[in-house]
Every structure is written in structure tokens, then in C-alpha cells.
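Values quoted throughout were computed directly from the atomic coordinates according to the rules given, and no laboratory measurement underlies them. Remember, predicted model here, so these are calculated numbers, not experimental data. Because the Cβ atoms are built from the backbone with ideal geometry, glycine has one as well, and the counts that use them run over all protein chains shown.
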Amino acid sequence: MRVKICGITNLTDAMDAIDAGADALGFVFYPKSARYIEPSAAQEIIKKIPPFVQSVGLFVNETAEEVNQIAEISQIDIAQIHFEASENFYKKLKIKALKVVRAQTKEDLELYKNEYRIVDAFVPEYGGEGKRLNIEWFKEIDCSRIILAGGLTANNLEDLKGFNFYSLDVSSGVEVKKGFKDKQKIINFIDKANELS
């Protein structure tokens with residue numbers, strides 16, 4: 001099972017995540033977040049990431065031009081768009097984009113169903129609050145292109161068996177406090193995620 005560790009703010013946490021087997025690291029470029037990182041600081045970490053580990057930047061309410069500028073500074077691989085944006089917005093992006101569904105109902109899971117997308121629980125603060133989605137919503141839905149986020153911890157991954165999610169995205173579930181990861185929690189999470197494969 002692929003795993004993205006989101007909300008990386010320092011090199012130690014980045015390397016702990018990679019050593020534990022993370023496939024991707026997430027950097028939050030939303031200034032109101034406790035996990036915010038300056039694009040230049042993210043670049044310093046990304047320069048030290050080994051090959052085949054992807055870097056993902058999380059954006060909230062930015063213009064396409066702002067996303068392009070931050071992506072160029074930080075050198076991320078993918079832009080995670082955590083807000084409703086127009087098709088014109090996506091056409092202007094110079095970087096691969098990943099849409100986020102902030103699900104409030106089961107019907108929301110069908111949004112962008114032909115694309116790889118992150119599905120997260122809706123919270124007004126744009127994520128990172130550890131709120132879980134109702135796993136029952138995913139029954140009889142093709143989850144093979146869904147990256148599941150929201151309230152995941154090593155202790156509740158057992159509930160995801162059989163759903164065939166493409167990947168898992170975790171932030172608060174592997175933290176000691178907002179913006180700082182717990183090495184053992186990361187190890188435990190990825191070990192449990194691998195049991196789902």
C-alpha cells in the first residue's frame with residue numbers, strides 16, 4: 001500500500017518517513033496551517049530526498065500563477081489542490097495536479113471518479129484535524145483511484161481491508177504535535193498499511 005506522509009516541516013521527519021517506507025511527502029503551502037512551510041525551506045528538504053520519493057505541495061485558495069511560482073521555488077513534483085477550482089485554473093498549471101474531494105456525503109465520493117484523487121473528510125479548516133470519513137460510504141464504490149485521507153492512524157487501518165484504495169495520506173495520525181512527526185507512529189502506520197496490500 002502506498003503511503004504519503006503529509007505536513008512535513010523539517011528534514012528529520014522527512015527522512016524518518018522515507019526510512020520507514022513512505023512513497024511521498026506532503027508540504028503544506030497554506031499560511032493559516034500549523035504545518036505551513038516556506039517554499040524555500042521545502043526546497044532545502046526536497047533537494048535531499050532520494051529518487052523515487054515524490055514531493056507534493058498542498059495549496060488552498062491560490063491562483064494558478066501562485067501555484068506555479070511556489071512549485072518552481074519548492075521544486076515539488078505534484079500540486080495538491082485542496083479547494084474548488086475551475087478547468088481554466090488547471091489548464092494554466094505548469095505542474096501535475098491532484099484534486100481533493102472534501103466529502104460531506106456519500107455522493108461526493110463520485111466526484112472526479114475517473115481520476116486519481118484524494119478523498120478527505122470535510123472540515124472548515126481544510127484538513128489536518130484528524131476527522132474520519134464513514135468507511136461504509138466506500139462499499140460498492142471503485143476505490144482503486146482514491147487516495148484516502150482524514151483521521152487515519154495505525155490503530156484503525158484494519159477497517160480498510162478489502163477496499164483496495166490506491167494510497168493512504170496521513171498527517172495528524174503520525175504526529176507528536178501539529179507539524180512534528182513521531183518516528184515510531186510513522187513506522188507503525190506504514191507497517192499496518194503494508195498489511196493491507
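Taking the stretch 126-150 as the range and being surrounded by fewer than 16 Cβ atoms within 10 Å (Cβ to Cβ) and part of a helix (DSSP H, G or I) as the test, the residues that pass are 135, 136, 137.
Any idea which residue in the stretch 93-123 is nearest to residue 67 (Cα to Cα), counting only those that are of a type in the set (A, V, I, L, M) and part of a strand (DSSP E or B)? Write out each step before concluding.
Initial filter on the stretch 93-123 (of a type in the set (A, V, I, L, M)): 93, 95, 97-98, 100-101, 103, 109, 111, 118-119, 121, 123.
Cutting the leftovers down to part of a strand (DSSP E or B) gives us 97-98, 100-101, 103, 118-119, 121.
Numbers: 97: 10, 98: 13, 100: 15, 101: 19, 103: 23, 118: 18, 119: 21, 121: 23 Å.
If we take residues in the stretch 93-123 being of a type in the set (A, V, I, L, M) and part of a strand (DSSP E or B), then 97 is nearest to residue 67 (Cα to Cα).
Against the condition under 24 Å from residue 190 (Cα atoms), among the aromatic types (Phe, Trp, Tyr) and assigned to a loop (DSSP other than H, G, I, E, B), how does residue 83 come out, does it pass? If you could, list the steps in order and put the result at the bottom.
Working: under 24 Å from residue 190 (Cα atoms): no; among the aromatic types (Phe, Trp, Tyr): yes; assigned to a loop (DSSP other than H, G, I, E, B): yes.
Against the criterion (under 24 Å from residue 190 (Cα atoms), among the aromatic types (Phe, Trp, Tyr) and assigned to a loop (DSSP other than H, G, I, E, B)), residue 83 does not qualify.
Assess whether residue 132 counts as being closer than 22 Å to residue 32 by Cα, in contact with a Phe, Trp or Tyr (Cβ under 6 Å, 6 or more places away or on another chain) and among the basic types (Lys, Arg). Against the criterion (closer than 22 Å to residue 32 by Cα, in contact with a Phe, Trp or Tyr (Cβ under 6 Å, 6 or more places away or on another chain) and among the basic types (Lys, Arg)), residue 132 does not qualify.
Return the residues of the stretch 23-51 that are under 13 Å from the mean Cα position of the chain (by Cα) and of a type in the set (Phe, Trp, Tyr); say none if nothing qualifies. Steps first, answer last, please.
Of the residues in the stretch 23-51, the ones under 13 Å from the mean Cα position of the chain (by Cα) are 23-29, 35.
Of everything in the stretch 23-51, those that are under 13 Å from the mean Cα position of the chain (by Cα) and of a type in the set (Phe, Trp, Tyr) turn out to be 27, 29.
Reported count of residues in the stretch 1-24, each being surrounded by fewer than 23 Cβ atoms within 10 Å (Cβ to Cβ) and in a loop (DSSP other than H, G, I, E, B), is 5.
Annotation: of all residues in the stretch 151-197 being of a type in the set (Gly, Ala, Ser) and over 18 Å from the mean Cα position of the chain (by Cα), the one that is surrounded by the fewest Cβ atoms within 10 Å (Cβ to Cβ) is 197.
Does residue 164 satisfy the criteria of being free of Cβ contacts under 8 Å to residues at least 24 places away in the same chain, polar (S, T, N, Q) and under 19 Å from residue 1 (Cβ atoms)? Outline the logic, then answer.
Numbers: free of Cβ contacts under 8 Å to residues at least 24 places away in the same chain: yes; polar (S, T, N, Q): yes; under 19 Å from residue 1 (Cβ atoms): yes.
Spelling it out, residue 164 is indeed free of Cβ contacts under 8 Å to residues at least 24 places away in the same chain, polar (S, T, N, Q) and under 19 Å from residue 1 (Cβ atoms).
Here is a yes/no grid of residues against (1) closer than 16 Å to residue 28 by Cα; (2) exposed (fewer than 14 other Cβ atoms within 10 Å of the Cβ); (3) more than 12 Å from the chain's Cα centre (by Cα):
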residue	(1), (2), (3)
53	no, no, yes
74	yes, no, yes
83	yes, no, yes
102	no, no, yes
120	yes, no, no
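Taking into account only those residues within the stretch 35-73 that are of a type in the set (Asp, Glu) and assigned to a helix (DSSP H, G or I), which is nearest to residue 16 (Cα to Cα)? Across the stretch 35-73, the extreme among qualifying residues is 44.
Which numbered condition trips up residue 176, out of (1) in contact with a strand residue (DSSP E or B) (Cβ under 8 Å, 6 or more places away or on another chain); (2) part of a strand (DSSP E or B); (3) of a type in the set (Val, Ile, Thr)? Every condition holds for residue 176 apart from (1).
Residues that are touching a residue at least 60 places away in the same chain (Cβ under 8 Å) and buried (at least 18 other Cβ atoms within 10 Å of the Cβ) were ranked within the stretch 25-49; the one that is farthest from residue 13 (Cα to Cα) is 30.
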